[in-house]
Amino acid sequence: MTAHLDTFVRDRLPPADEWPELVFDLPALRFSEPCNCAVEVLDRRIDEGLGGRVALLGRGVRWTYDALRVCSNQIAYVLSHDLGVVPGNRVLLVGPNTPMLAACWFGIVKAGGVVVAAMPMLRAAELATIVRRAAVSHAICDARVLGELTRAQGDAPTLRSITTINGDGDDDLGAGLAHAPAEHAAVATATDDPVVIAFTSGTTGVPKATVHFHRDVLAACLCWPPHILKATCDDRFVGSPPLAFTFGLGGLLLFPLHIGASTILVEKATPDVLPDVVAEFQATITVTAPTAYRAMLQQRGEALRGLGLRKCVSAGEALPAATRLEWRKATGIEIIDGIGATELFHIFISHTEGDARPGATGRVVPGYDAQVVDDALQPVPPGQVGQLAVKGPTGCRYLDDPRQRDYVRGGWNYPGDAYVMDADGYFFHQGRTDDLIVTGGYNVAGPEVEAVLLRHAAVADCGVVGLPDELRGQVVAAFVVVAPGVTPCDGLATELQRHVKDTIAPYKYPRRIVFVDHLPRTTTGKLQRFQLRTAATGGGAP
Ligand code: 3UK
């Protein structure tokens, strides 16, 4: 069965033999038809009697579950009745994290639409690419993005309607909501009707469009959150990832609401202001990237302890042991690390606070299965480096893309990460397989060297990559941001090299050290190692 009248996405899913094997072993992962995940995540809380509790907080906003449900019903009504959205249509959603953006997510899903969320800082050309790839018909954008999106429309003929939010014009959604009824039935979608198209955050190459179904969203809510995060309905979530990134969509919207907790959605949650936002809204759980935890430590130090935080989640890239240790020293909190991927929707290897091992991402999350394999895709024994393979209730389905056959092989998903698993089942990240440094015949994992450098007091942040070298094939090069008050000089470079040689095998030491003001990162906090490589080989400043 399907509720989609527009079957564009369903028609462009990969052929069945290219899908990952899907595993639904956890008893909680039995879904009945029909299934609209907006109803399951949001409306069910009202059925459970939580309607009067606070769902969303933001600047000047405090919405209960009841209020959010009504608002999302009204948005669904306006989309279906006024704007002509038909189940299966793709609806672009662009804007900074705000309560209204979140309400629109639920409204689109209730209208049977497929949400195509995009980061608000994208420019017209990038927005046009997304609109064309997903054949988007309708867009809801923050009023401040309207100019850019209107420019994109010229290059993206499928886009026939743009509605703004958080604006004050007549064409703003706010005007339409005034006449919309509070009650409006959600479209009775199927468990396997597509509901989200997430574009990969793109540390390399051309973005890929990953399709997730209603049941995938619910599976994500039922695996990592209850088994690892273990938040309660009294928690208040806050953090930096945009809702356009599945890390943010899950961590800052779906997971809190699925358990009746509150989430704080603010436009600016960069590390310089995040501690203030935590204090202002009395947040108990932070969701952000390792680089943000490091920056907060640099800027606030011991003052972080007074914030009243209970849990801290890190994902997006490897959490170095030094950052984990420093954060615990400053706050008393053991960070929960977890690796997730857009293709798998959310986190599949992680650990509880009591189960943390410095330098390890954790163990496989209940509901998932993971192994480390060699080039022939055969499992390697513990202690040996190989490629990470994973499967579970969610998995990779690219929209009409031959790269499906690279990501999924033999039923397993291959996120592109090198890992070592120890005898206890802990997974240690060794870098991206495309980032592994080979120097003089030795394999060096950039993140390992980064972790060592970060233990030095003069280092605020760093990125380690391989640069081409006639003699060694590649040399290990470290791009270093020094701590406040430290002056970069040759003496410091020598000192850092010695520090690495004293701590790990000397062949891993960075033969080249480049001091930089900042590192190139994606908006989701991921270090763009390819930028460091191209900059250093003549492509301009990183
Ligand atoms: C890297 C990590 C080591 C890794 C994401 C949580 O990052 C997310 O999705 P993306 O598609 O990137 C996936 C890739 O990022 N990575 C992410 N987390 C970690 N490496 N340790 C980590 N803890 O290379 C992975 O293949 O942007 C993260 C939840 C949802 C997500 N989409």
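The values are calculated or read from the model by the stated rules, or taken from the named source; none is laboratory data. Computed from a prediction, not measured in an experiment: that's the story for all the values here. Glycine gets a Cβ as well: all are built from the backbone with ideal geometry, and neighbour counts include every protein chain shown. All accessible areas refer to the heavy atoms of the entire protein, side chains included, with ligands and DNA or RNA removed. Shrake-Rupley method; radii C 1.70, N 1.55, O 1.52, S 1.80 Å.
Roughly what % antiparallel, to the nearest 5, for the DSSP beta bridges in the chain? Antiparallel bridges: around 55 percent, rounded to the nearest 5.
Write down the Kirkwood hydrodynamic radius of region 1-105, to one decimal in angstroms, obtained as one divided by the mean of 1/r over all alpha carbon pairs.
Details: mean 1/r = 0.0605 Å⁻¹.
Answer for region 1-105: a Kirkwood hydrodynamic radius of 16.5 Å.
Ranking of Tyr442, Tyr407 by solvent-accessible surface, largest first: Tyr442, Tyr407 (1.4 Å probe, protein heavy atoms only, all chains present).
Straight Cα distances below 20 angstrom link Lys391 to the lysines Lys208, with same-chain residues fewer than 8 positions distant left out. Divide the volume of the convex hull around the Cα atoms of the chain by the residue count and you get 151 Å³ per residue.
Remark: region 388-442 carries 35 Å² of accessible area per residue (probe radius 1.4 Å; ligands, DNA and RNA excluded). The amide H of Thr164, built 1.01 Å from its N in the peptide plane, has Cys141, Leu173 as neighbours under 5 Å, considering only residues 5 or more places off or on other chains. For Lys268, a cut-off of 22 angstrom between C-alpha atoms picks up these lysines, skipping any fewer than 8 places away in its own chain: Lys311, Lys526.
Calculate how many DSSP beta bridges within region 224-364 are antiparallel, expressed in % of all such bridges and rounded to the nearest 5.
Values: 5 of 16 bridges.
Around 30 percent antiparallel, to the nearest 5.
When shorter helices are ignored and each DSSP H run of at least 4 residues is given -39500 (n - 2.57), the per-residue value for the chain at 222 nm works out to -7000 deg cm²/dmol.
Approximating the spin labels as points 7 Å out from Cα along Cα→Cβ, the Val273-to-Val438 distance works out to 4.6 nm. The separation of region 116-194 from region 325-343, counted between C-alpha centres, amounts to 34 Å. Residues whose amide H comes within less than 5 Å of that of Gly362, counting only those at least five positions distant or on another chain, are Phe427 (H built at 1.01 Å from N in the peptide plane). Sequentially through region 385-393, phi angles give Karplus couplings (6.51, -1.76, 1.60; θ = phi - 60°) of 6, x, 8, 7, 10, 9, 8, x, x Hz, Gly and Pro residues having no value and appearing as x.
Taken over region 146-200, the convex hull of the Cα atoms encloses 159 Å³ per residue. Using Cα centres only, tell me the gap between region 243-310 and region 21-88 in whole Å. Cα centres, region 243-310 to region 21-88: 23 Å.
Calculate what fraction, in whole %, of the accessible area of the chain sits on carbon and sulfur atoms when a 1.4 Å probe is rolled over the protein chains.
Values: 10360 of 20280 Å².
The value for the chain is 51 percent carbon and sulfur by accessible area.
Per residue, what volume in Å³ does the convex hull of the Cα atoms of region 369-471 enclose? Mind showing how you got there, number by number?
Details: hull volume 17.2 nm³, N = 103.
Taking only Cα atoms, region 369-471 has a hull volume of 167 Å³ per residue.
Put simply, the amide H of Gln528, placed in the peptide plane, has neighbours under 5 Å in Arg521, Thr522, leaving out anything fewer than 5 places away on its chain.
Here the Karplus curve 6.51 cos²θ - 1.76 cosθ + 1.60, taken at θ = phi - 60°, turns the phi angles of region 141-154 into couplings of 9, 4, 3, 6, 9, 4, x, 5, 6, 5, 5, 5, 4, x Hz, with x standing for Gly and Pro.
Summing +1 for each Lys or Arg and -1 for each Asp or Glu, what net charge is found among the other residues whose Cβ lies under 14 Å from the Cβ of Leu471?
Values: positive: Arg472, Arg511, Arg512; negative: Asp469, Glu470.
Overall, the nearby charge balance is +1.
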